[in-house]
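Report on the following structure.
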Amino acid sequence: MNMLRQALGGIAGGRVLDVASGEGDFIKTLVEHLGSYVEVTGIDVLKYTRAVGSIFYAEEVRFVQMDAGRLGFGDECFDTVCISSSLHHLENIPQCVGEMRRVLKPGGHLIIRETHRDIQAEPQLTDMYLHHWVAEVDSALGFTHNRTFARQELIDLAEGLELCEVELYDVSNLDSDAKNEANIRDSESVIERYMQYVEGLTDRRALRRRGVDLRRRLHRVGVQWEPELIIIGEKQ
């Protein structure tokens, strides 16, 4: 979180757009760590519920149900546009980030936060293997869920947006306890939930076997979250 504070603290956010907000976790981070902001708009293709959308009841924060690939906003109307931990859920990434750039004012900040697969420790591999397995199950169920990007892929994506004053922040949790019981329980609950989804799929035997192997690895090696890269640049 200290790295996020460093990355966001110097930004005067103005009118902020958060793309693919999900439950609003990154909006909470923005509200807490941006140097300042006027208002925050979160968009997601799925409609939030009251149970997960309490952040959207703040006066200066609102939610709009919208497809990230077809943003219903005019050109150059936001001072800050961001996406956090959601690129791997987008069906057409170039189109979505192109839309993000379109609605961003010249001189405004574009923020990309995403995990990557440049793994530094075995417990991080546990999280990556789990993510890849979940992505495969989701894809078989008809949901868009891509595997973890390479770090350079994220940098190449940002370079394609022709940003200036680009800053990169690497976030890793190698100092965390890989055998933390709460984290292991969280990961195991994901495995259990997806083992149920697997039962209705054609390739269920192979997927079930991988789920069992993941559970064994989780308890043998432990888990640390995949590393993240935060990219912040300004639109020319």
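Select one label from (1) 51, 36, 34; (2) 50, 40, 37; (3) 52, 47, 35: the one whose number is Cα extents along the principal axes in Å as derived from the coordinates shown.
(1)
So, with a 1.4 angstrom probe, what is the percent of accessible area on the chain that is carbon and sulfur?
Answer for the chain is 47 percent, counting heavy atoms of protein chains only.
Grab the beta carbon distance between LEU201 and GLU76, set R0 = 30 Å, and tell me the FRET efficiency rounded to 0.05.
For R0 = 30 Å, the calculated efficiency reads 0.10.
Pairing the Cα long axis of helix 93-102 with the longest principal axis of the chain, what angle in degrees results, from 0 to 90 and rounded to the nearest 10?
So the inclination is approximately 20 degrees.
In Å², and per residue, what accessible area does the stretch 104-222 have when probed at 1.4 Å with the other protein chains present?
On a per-residue basis, 55 Å².
Go from 0 up to the bin containing the longest alpha carbon distance in the stretch 9-149, width 5 Å each, and give me the % of pairs per bin.
For the stretch 9-149, the binned pair fractions read 2, 10, 18, 20, 19, 15, 9, 5, 1, 0 percent.
Could you run the Karplus curve 6.51 cos²θ - 1.76 cosθ + 1.60 with θ = phi - 60° over the stretch 116-132 and give me ³J(HN,Hα) per residue in whole Hz, x for Gly and Pro?
With coefficients 6.51, -1.76 and 1.60, one gets 9, 9, 7, 6, 10, 7, 4, x, 5, 4, 4, 5, 5, 4, 5, 4, 5 Hz.
Amide H neighbours of SER21 under 5 Å, at least 5 residues apart or on other chains, H built in the peptide plane: list them.
Amide H to amide H, under 5 Å and 5 or more residues apart or across chains, SER21 pairs with ILE43, ASP44.
For the stretch 15-31, in order, what is each residue's ³J(HN,Hα) by Karplus, 6.51 cos²θ - 1.76 cosθ + 1.60 with θ = phi - 60°, in whole Hz (x at glycine and Pro)?
Whole-Hz 3J(HN,Hα) from phi for the stretch 15-31: 7, 10, 10, 10, 8, 6, 6, x, 8, x, 4, 6, 4, 4, 5, 4, 4.
Summing -39500 (n - 2.57) over the DSSP H runs of n ≥ 4 in the chain and dividing by its residue number, what mean residue ellipticity at 222 nm do you reach, to the nearest 500 deg cm²/dmol?
Taken over the chain, the calculation gives -12000 deg cm²/dmol.
What list of ³J(HN,Hα) values in whole Hz, one per residue of the stretch 202-208 in order, does the Karplus curve 6.51 cos²θ - 1.76 cosθ + 1.60 (θ = phi - 60°) give from phi, with Gly and Pro shown as x?
4, 8, 5, 5, 5, 5, 5
Calculate the FRET efficiency for HIS33 and ARG209 from the Cβ-Cβ distance with a Förster distance of 41 Å, rounded to the nearest 0.05.
0.45
Can you pull a Stokes-Einstein diffusion coefficient for the stretch 126-236 at 10 °C (1.306 mPa s), Rh from Kirkwood over Cα pairs, as a whole number of µm²/s?
100
Give the relative contact order (percent, whole number) for the chain; include only Cα pairs under 8 Å separated by 6+ residues.
The value is 22 percent.
The values are calculated or read from the model by the stated rules, or taken from the named source; none is laboratory data. This one's a predicted model, so the numbers in the text were calculated from it and none came from an experiment. Every residue, glycine as well, gets a Cβ built from its backbone with ideal geometry; the counts of neighbours run over all protein chains shown. Accessible surface is based on the protein model in full, side chains and every heavy atom, while ligands, DNA and RNA are left aside. Shrake-Rupley method; radii C 1.70, N 1.55, O 1.52, S 1.80 Å.
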